[in-house]
1. When the stretch 291-337 is examined, which residues are found to be small (Gly, Ala, Ser) and closer than 19 Å to residue 154 by Cβ?
2. Suppose the filter is in contact with a Ser or Thr (Cβ under 9 Å, 6 or more places away or on another chain) and buried (at least 24 other Cβ atoms within 10 Å of the Cβ); does residue 114 pass it?
3. Are any residues in the stretch 161-218 of a type in the set (Gly, Ala, Ser), in contact with a Phe, Trp or Tyr (Cβ under 8 Å, 6 or more places away or on another chain) and within 23 Å of residue 309 (Cα to Cα), and if so, which ones?
4. Please verify whether the stretch 140-148 includes one or more residues that are without any contact (Cβ under 8 Å) to a residue 24 or more places away in the chain, out of contact with any Phe, Trp or Tyr (no Cβ under 6 Å at 6 or more places or on another chain) and within 19 Å of residue 203 (Cα to Cα).
5. Look at the stretch 127-139 and say how many of its residues are in contact (Cβ under 8 Å) with a residue 60 or more places away in the chain, of a type outside the set (A, V, I, L, M) and assigned to a loop (DSSP other than H, G, I, E, B).
6. Could you tell me whether any residue of the stretch 264-286 is under 25 Å from the mean Cα position of the chain (by Cα) and among the polar types (S, T, N, Q)?
7. Would you be able to tell me the number of residues in the stretch 289-310 that are surrounded by fewer than 23 Cβ atoms within 10 Å (Cβ to Cβ), of a type in the set (A, V, I, L, M, F, W, C) and more than 19 Å from the chain's Cα centre (by Cα)?
Amino acid sequence: MRKATLKDVSVRAGVSVGTVSKYINDPYSVKEVNRRKIAESIKALDFTPNVYAQKLAKGKSNTILLCIVSEKNISPSTWLHQLPVIQAMNDSLTKEGYSLQIKIVAAAKPQQLDNCVKNCINSREADGIAILSAWEVPKKTVQDMKRQNFPFVLLDGNCPDMAANEVCIDNKQMVKDLVHILKELGHSKIGFINVLSGQQDMKFRFRGFKDGMKAEKLDIEEKLVLYGDFSIESGYACVKAMLESGEQCTALICGNDNMAVGAVKAIQDQGKHVPEDISVVGIDNSIAARACTPSLQTVEFALGQMGRQASYQLLDQIKEKTCTEIRTMVQYKIIEGRSIAKAKDGETYEKNNREKSTGNTV
């Protein structure tokens, strides 16, 4: 059976197609007598409005496209990091009458992201695009959105080669703060567990480690820079190998909580103690950090704030009908745990305190 059309409704109700269209968009913009006729005709004909066509006619979809750039097999730690961001975005947009459409594209295939963005701009299936990516967003993709004056926001990752609308975490400063805390406790031999993943957060965390060590006038020992893959098992393996090789450090900053938990277990299995022999710091304030014994010193990010702020910056662009170049850094908080303590080398610790009390700097 043929599906009823807008024209069928207008003929049966004895009004113009334009009047029926007005009724569908806003019933109370039509006279009561016509409103009653149209309502009866819609019911009799079992007419269903094409909502998508209506939105296109109005030039607005009330939809935001969220492109999530991810590894081939999304790790549990990635989901734990991203879900609060996604939920906060969804809640913020829903309050403003928008819906969130999600697409996942492969980090290893940047063309997928580019195609996703182009299709959205050309079809106008969404009023704006949010790109949640721990990887660098290609310059070409950002250029396309700016050239079309299409509202967008980058979350977590950025485009280093050009200004863009971004909401991210200051991973570099965060790790510099961690180095400073350990130096204040008298630690000078500090190691770092890195990940060679291409992800920007790890790149900036390692840069923060290097900058922090330089600022504190501490040497970076190449053999104390270890490599894992974000997992507990990798943290265990690289720290076990370090200790078995005879290398020594008094503190370890780990790229995430999972690797820190693995590091703690490896240290304990080698007959050493945390934090008495080696202090360990994680990043993320995940479930693993709270379940660890001793509880991890770690860092918590305002992930909900990231999602809400991204929504606000995106909606502002939609309202103003223009792209902006605002960069917002969301907050982070050091979460105290029992996995760090004064360095065993009391002489170094006392020397630092004496210099601090007399106003001298190291």
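1. 302, 304, 307, 310, 311, listed by residue number.
2. no
3. Result: 164, single match.
4. No, there is no match, as no residue in the stretch 140-148 is without any contact (Cβ under 8 Å) to a residue 24 or more places away in the chain, out of contact with any Phe, Trp or Tyr (no Cβ under 6 Å at 6 or more places or on another chain) and within 19 Å of residue 203 (Cα to Cα).
5. Looking only at that region, the number is 3.
6. Yes, the stretch 264-286 contains at least one residue that is under 25 Å from the mean Cα position of the chain (by Cα) and among the polar types (S, T, N, Q).
7. Residues flagged as surrounded by fewer than 23 Cβ atoms within 10 Å (Cβ to Cβ), of a type in the set (A, V, I, L, M, F, W, C) and more than 19 Å from the chain's Cα centre (by Cα) within the stretch 289-310 amount to 1.
Each row is one residue, and each column tells you yes or no for (1) in contact with a strand residue (DSSP E or B) (Cβ under 8 Å, 6 or more places away or on another chain); (2) farther than 27 Å from residue 154 by Cα.
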| residue | (1), (2) |
| --- | --- |
| 233 | no, yes |
| 238 | yes, yes |
| 258 | no, no |
| 274 | yes, yes |
| 284 | yes, no |
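The values are calculated or read from the model by the stated rules, or taken from the named source; none is laboratory data. Note that this is a predicted model, so its numbers are computed, not measured. Cβ coordinates were reconstructed from backbone atoms using ideal geometry, including for glycine residues, and neighbour counts include every protein chain displayed.
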